[in-house]
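Written out below as structure tokens is the structure these notes cover.
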Amino acid sequence: MTGQLAGKVAVVTGGGSGFGEAIAKIYAREGAKVVVADLNGDAAARVAGEIGASASAIRADVTARGDVEAMIGAATEGFGGLDILVNNAGYTHRNQPMLEVTEADFDRTYAVNVKAIYLAALIAVPQMERRGGGVIINTASTAGLRPRPGLTWYNGSKGAAVILSKSMAVELAPKKIRVNALCPVMGETGMLELFMGVPDTPENRAKFVATIPLGRMSRPSDMAEAALFLARDESAFLTGLAMEIDGGRCV
């Protein structure tokens with residue numbers, strides 16, 4: 001198999017749709033073996049099936065240690081190791097006043113967006129060490145860099161993802177493990193209406209798009225290309241980045 005990621009083994013969480021699906025597919029296209037992990041097992045199976053023999057699917061709740069162990073095991077036992085981990089699975093409360101967000105939604109937001117990075121590191125880092133290094137990519141958000149009202153608690157969770165990525169990058173550098181964060185602006189994914197807090201109509205979309213200099217929302221393909229760039233050996237000197245994939249939104 002040839003390609004920019006030939007010989008690599010990757011795990012992509014939230015791989016059953018949206019950003020994660022696009023990342024899993026571009027990794028496979030470039031020669032990687034890919035474990036597609038998603039809370040929706042059927043969605044993961046669909047994506048892995050569309051990729052073919054170089055992918056496997058697993059249902060995984062990234063907030064449950066046992067599921068994370070099984071997810072990483074699917075890579076090490078099924079494909080012989082782990083080189084790339086994309087912590088892409090995400091969750092958000094609805095765009096609304098901060099005092100109206102339920103405790104359950106707060107807890108779930110921080111479990112999926114923050115605790116999952118911790119759990120994945122516990123299991124994945126030792127496996128990457130055995131391979132002589134690796135790459136961890138965390139999906140953060142422009143919300144963690146330029147927060148706005150209505151998503152306060154979500155903003156905080158993505159701010160944590162950014163800082164965790166930078167701190168992990170420094171601490172794991174001696175192990176030859178690079179860690180970077182992707183910071184997309186609001187995108188065309190299943191969580192769009194939650195982010196907007198209003199119905200997904202052309203008129204409402206236009207209001208949000210008007211805040212993005214390049215005049216559109218992020219797309220799964222935008223994230224996939226960035227995730228490919230950061231996973232390549234040619235990016236060996238890049239670590240600790242919070243890459244803004246936002247059409248100029250954070251400027």
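Okay, here's what the table says:
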read-out	value
Criterion (modelled with pLDDT of 95 or more, buried (at least 17 other Cβ atoms within 10 Å of the Cβ) and not β-branched (Val, Ile, Thr)) met by exactly one of Ala104, Ala10, Ala64	Ala10
Qualifying helices (runs of 4 or more DSSP H) (wholly inside segment 130-248; at least 2 residues being free of Cβ contacts under 8 Å to residues at least 60 places away in the same chain and surrounded by fewer than 19 Cβ atoms within 10 Å (Cβ to Cβ))	152-172, 192-196, 202-209
Hits in segment 97-111 - residues which are touching a Ser or Thr at 6+ places or on another chain (Cβ under 6 Å) and either in contact (Cβ under 8 Å) with a residue 60 or more places away in the chain or within 18 Å of Ala64 (Cβ to Cβ) (or both)	Thr109, Tyr110, Ala111
Enumerated helices (runs of 4 or more DSSP H) restricted to segment 27-110, each holding at least 2 residues that are under 14 Å from Gly14 (Cα atoms) and under 17 Å from the mean Cα position of the chain (by Cα)	41-51, 65-79
Test: Ala28 is within 17 Å of Asn113 (Cβ to Cβ), buried (at least 20 other Cβ atoms within 10 Å of the Cβ) and of a type in the set (A, V, I, L, M)	no
Residue among Glu244, Glu225 that alone is within 16 Å of Ala22 (Cα to Cα), within 15 Å of the chain's Cα centre (by Cα) and at pLDDT 95 or above	Glu225
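The values are calculated or read from the model by the stated rules, or taken from the named source; none is laboratory data. Worth saying up front: this structure is predicted, and the values here are computed from it rather than measured. FYI the Cβ positions are ideal-geometry reconstructions off the backbone, even for glycines, and counts take in every protein chain you see.
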